[in-house]
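In what follows, a single structure is set out as structure tokens and then discussed.
The values are calculated or read from the model by the stated rules, or taken from the named source; none is laboratory data. Quick caveat, the model's predicted, so the values are computed rather than measured. Please note: Cβ atoms are built from the backbone with ideal geometry, for glycine as well, and neighbour counts cover all protein chains shown. Side chains are part of the model used for accessible areas, which takes the heavy atoms of the whole protein and leaves out ligands, DNA and RNA. Shrake-Rupley method; radii C 1.70, N 1.55, O 1.52, S 1.80 Å.
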Amino acid sequence: MKRLFLILTSLFFLLAPLVSLGNTLETTSSTSINLNANYTIVNLIYKNGVLSVKGLTGIGNISIYSIIGNKIATYSNVNLADFQRNINLETKKMYIVRVEVAGEIKTYKLVTR
């Protein structure tokens, strides 16, 4: 009985750091969201050859890279509130979208369909 108690107690202390009760992290197709902090949901939409960014404001720079780091396109000093550009991206590929705004850099994954 003591042996079983020791095993269960040891398992509890080994697994306790893996269980998080206060910080829940949820991943969506557009961004990662910390539910305990102020956050902005950013949606990257690629449809019919048009890339749209929703959820950002201000003037910034957007760069698009292939998954191996090759630069595909750069848009400098654009209004992020209504960003839409025609761009030819291959379907069923992953791209990295880097957004610079107000001295802050955010990166997002974009998978085309």
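The condition of being at pLDDT below 90 and among the basic types (Lys, Arg) holds for only one of Lys2, Lys71, Lys47, Lys54, that being Lys2.
Restricting the stretch 25-44 to residues that are at pLDDT 50 or above and more than 17 Å from Arg98 (Cα to Cα), the residue that is least open to solvent (accessible area, probe 1.4 Å) is Ala37. Pairs are defined by a Cβ separation below 6 Å, a sequence spacing of at least 6 or placement on different chains, a first member in the stretch 67-93 that is of a type in the set (Val, Ile, Thr), and a second member that is assigned to a loop (DSSP other than H, G, I, E, B); the pairs so defined are Thr91/Thr112.
For Arg113, the criteria (1) more than 19 Å from Ile41 (Cα to Cα); (2) outside any loop (DSSP other than H, G, I, E, B) hold in every case but one, which is (2). The set of residues in the stretch 79-109 that are open to solvent by 70 Å² or more (accessible area, probe 1.4 Å), in contact with a Gly (Cβ under 8 Å, 6 or more places away or on another chain), part of a loop (DSSP other than H, G, I, E, B) and not small (Gly, Ala, Ser) contains only Asn88.
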